[in-house]
Amino acid sequence: MRPKWRKAAGRLRRKRLPPSLYLWGTHNDMNKISKPAHTRHTIKKPKVKAEKKAGTLHIKWVVSFIGCPRPMRQTVRGLGFRRMQQVLEVEDTPSIRGMIARVHHLVRIEE
């Protein structure tokens, strides 16, 4: 008789349920689900654009830099970002454009 603290040999596997028993079904069924009634017929409000100063850019940090190399993190911080989803108004200079180019997959330029 083996002691209680020792694990059994091998791994126990749970049986996988058929796709029909999952909440959403298969991946293709997700496209067929209709939207809720309160979102179907909503009226879109016109967006009001803020006045843009000459020579400035509005940039927004949209993707986390977790897993990115340290120089890339420093570039995001160097642009002036402190938190995600933050929008900054920065000068449109070649140095700022170069910094944005280095982290173009993490930030978005907003008009």
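Conditions tested, residue by residue: (1) within 18 Å of the chain's Cα centre (by Cα); (2) under 23 Å from residue 111 (Cβ atoms); (3) surrounded by 10 or more Cβ atoms within 10 Å (Cβ to Cβ).
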position	(1), (2), (3)
56	no, yes, yes
61	yes, yes, yes
72	yes, no, yes
75	no, yes, yes
80	no, yes, yes
84	yes, yes, yes
87	yes, yes, yes
93	no, yes, yes
100	yes, yes, yes
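The set of residues from segment 65-85 being farther than 20 Å from residue 55 by Cα, free of Cβ contacts under 8 Å to residues at least 40 places away in the same chain and not aliphatic (A, V, I, L, M) comprises 67, 68, 69, 70, 71, 73, 74, 75, 77, 82, 83, 85.
Since every read-out is calculated from the coordinates, none of them should be taken as a lab result. Since we're looking at a predicted model, the values are computed, not measured. Neighbour counts run over all protein chains shown; Cβ positions are idealised from the backbone, glycine included.
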